[in-house]
Structure formats: structure tokens, C-alpha cells
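Working notes, beginning with the structure itself.
The values are calculated or read from the model by the stated rules, or taken from the named source; none is laboratory data. If you're wondering where the values come from, they're calculated on a predicted model, not measured in any experiment. Cβ sites come from the backbone with ideal geometry, for glycine too, and all protein chains shown count toward neighbours.
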Ligand SMILES: [Ca+2]
Ligand SMILES: [Ca+2]
């Protein structure tokens with residue numbers, strides 16, 4: 001029995017309940033008009049893997065913008081915060097199929113809507129502007145992304161998988177794999193259109 005919606009649990013509202021053709025009482029009834037509790041809305045990941053560059057090559061491969069193309073240092077994984085809130089990545093991990101490649105240091109905050117790039121190596125002080133994205137360097141001194149196929153996995157502080165992507169030989173073509181729509185958790189990964197990569201920025205070069 002109830003008198004108003006706020007007296008009912010989540011997913012229920014206070015409704016007139018009939019017996020036969022007579023309204024007999026006000027009771028908490030499921031809003032979806034079934035006898036099962038409605039499932040909570042499915043929340044997507046707050047942070048997504050947006051772009052992966054496994055095979056820097058001579059043409060357009062200087063992803064970190066330090067003036068030198070390196071098959072090791074210019075590999076990168078670009079993450080984007082697609083939630084409406086800043087996210088604390090302290091203790092989160094980035095792994096390939098073989099091992100943990102990066103543990104985010106204490107105090108790593110990725111602001112809402114912004115990008116973060118983990119590069120294989122190099123000196124961040126010498127990197128290019130990269131749209132003002134936050135930049136970090138793999139703790140194993142390389143990301144080790146296999147050109148013939150690999151996976152990239154992001155896990156949170158508790159070890160829960162936040163996001164994952166896998167690729168095959170297409171990752172070895174000297175072109176990054178990027179979500180067909182930047183920042184869309186449901187968008188598939190495609191070969192980066194127009195150029196080899198867009199480290200830290202959107203496909204069209206604009207900042208996140
Ligand atoms: Ca470089
Ligand atoms: Ca990008």
C-alpha cells in the first residue's frame with residue numbers, strides 16, 4: 001500500500017490497483033507493468049580506448065611529434081573520457097595480450113571529454129603539442145604492440161575490465177586503428193582515414 005511514488009522502491013510507482021472492475025487500493029507497482037523488477041540502465045564505460053597505433057612507419061609515423069620516427073617510441077594508445085565527469089585513473093592498468101605495459105601513477109586525472117595518450121617511449125618534453133592531450137610513457141619502456149595482431153586492455157584499480165580492443169594484421173599497415181566515430185564506445189575500429197594517426201586529437205585534427 002502507498003500514497004505517493006516516493007514511498008515506493010526504485011523501479012516502482014504508486015498506482016491504483018484494481019480487483020475485478022473496482023479500484024481497491026493504491027499499491028507500489030513496477031513501472032514496466034510486469035512482475036519483474038526492471039533492470040538498471042546499462043552504463044557504458046567511462047573511459048574508452050579510442051585509437052591504437054601498433055606499427056609506426058616512415059610515412060607519418062612520428063606520432064609523438066619529437067621529430068624522429070621510432071617503431072617503438074611512437075606506438076601509442078589513446079584513451080578518451082566519454083563520461084560527464086573527471087575520472088581518477090590512479091592504479092589503473094593498460095595491458096597488451098602479453099603483460100601489463102603501464103600502471104597509471106597516483107593523481108592521474110582524466111577530465112571529462114578529454115584524451116590521454118600513452119606512448120611507447122621518448123621524452124615527453126620533446127613531444128609535439130598533440131592538442132593539449134595528457135601524455136604518458138609506458139612503464140616497460142615500450143608498449144610492445146604486435147604488428148601481426150594483439151589486444152589492448154584497460155583495467156581499473158580493482159582489476160575490472162573497463163574497455164578492450166583487439167586487432168589482427170590490419171594493425172601492421174603503418175596506420176593507426178581508430179574508432180570510426182571518435183569517442184563513441186559502440187563505434188568499430190577502422191584504419192585511420194586520411195592520415196597515419198591522430199595522436200591526442202580527433203581524426204580531423206581538432207582537440208578533444
Ligand atoms: Ca617520434
Ligand atoms: Ca586520435
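Residues of the stretch 160-169 that are under 15 Å from residue 45 (Cβ atoms) and part of a loop (DSSP other than H, G, I, E, B): 160 alone. In this structure, is residue 152 over 19 Å from residue 60 (Cα atoms), modelled with pLDDT of 95 or more and buried (at least 17 other Cβ atoms within 10 Å of the Cβ)? Judged against the criteria, residue 152 is a match. Among the residues of the stretch 53-60, not a single one is under 13 Å from the mean Cα position of the chain (by Cα), within 26 Å of residue 146 (Cβ to Cβ) and within 16 Å of ligand 1 (Cβ to nearest atom).
Answer with yes or no whether residue 91 is touching a residue at least 40 places away in the same chain (Cβ under 8 Å), touching a strand residue (DSSP E or B) at 6+ places or on another chain (Cβ under 9 Å) and either under 18 Å from residue 208 (Cα atoms) or near ligand 1 (Cβ under 10 Å from one of its atoms) (or both). Considered against the rule, which asks whether it is touching a residue at least 40 places away in the same chain (Cβ under 8 Å), touching a strand residue (DSSP E or B) at 6+ places or on another chain (Cβ under 9 Å) and either under 18 Å from residue 208 (Cα atoms) or near ligand 1 (Cβ under 10 Å from one of its atoms) (or both), residue 91 comes out as no.
Can you say whether residue 192 is buried (at least 22 other Cβ atoms within 10 Å of the Cβ), within 12 Å of ligand 2 (Cβ to nearest atom) and farther than 12 Å from residue 80 by Cβ, as far as the supplied structure shows? No. From the list 7, 11, 65, 60, the lone residue that is over 22 Å from residue 139 (Cα atoms), within 16 Å of ligand 2 (Cβ to nearest atom) and surrounded by 13 or more Cβ atoms within 10 Å (Cβ to Cβ) is 60. Taking the criterion of being away from ligand 1 (no atom under 16 Å from the Cβ), in the same structural domain as residue 88 (by TED's automatic domain parsing), out of contact with any helix residue (DSSP H, G or I) (no Cβ under 7 Å at 6 or more places or on another chain) and part of a strand (DSSP E or B), would at least one residue in the stretch 170-180 satisfy it? Among the residues of the stretch 170-180, at least one is away from ligand 1 (no atom under 16 Å from the Cβ), in the same structural domain as residue 88 (by TED's automatic domain parsing), out of contact with any helix residue (DSSP H, G or I) (no Cβ under 7 Å at 6 or more places or on another chain) and part of a strand (DSSP E or B), which makes the answer yes. Within the stretch 189-208, residues that are within 12 Å of residue 130 (Cα to Cα) have Cβ atoms under 6 Å from residues that are in a loop (DSSP other than H, G, I, E, B) and more than 7 Å from ligand 2 (Cβ to nearest atom) in these pairs: 197/63; 197/176; 199/63; 200/133; 208/114, counting only partners at least 6 apart in sequence or on another chain.
State yes or no: is residue 157 under 26 Å from residue 205 (Cα atoms) and not in a helix (DSSP H, G or I)? Against the criterion (under 26 Å from residue 205 (Cα atoms) and not in a helix (DSSP H, G or I)), residue 157 does not qualify.
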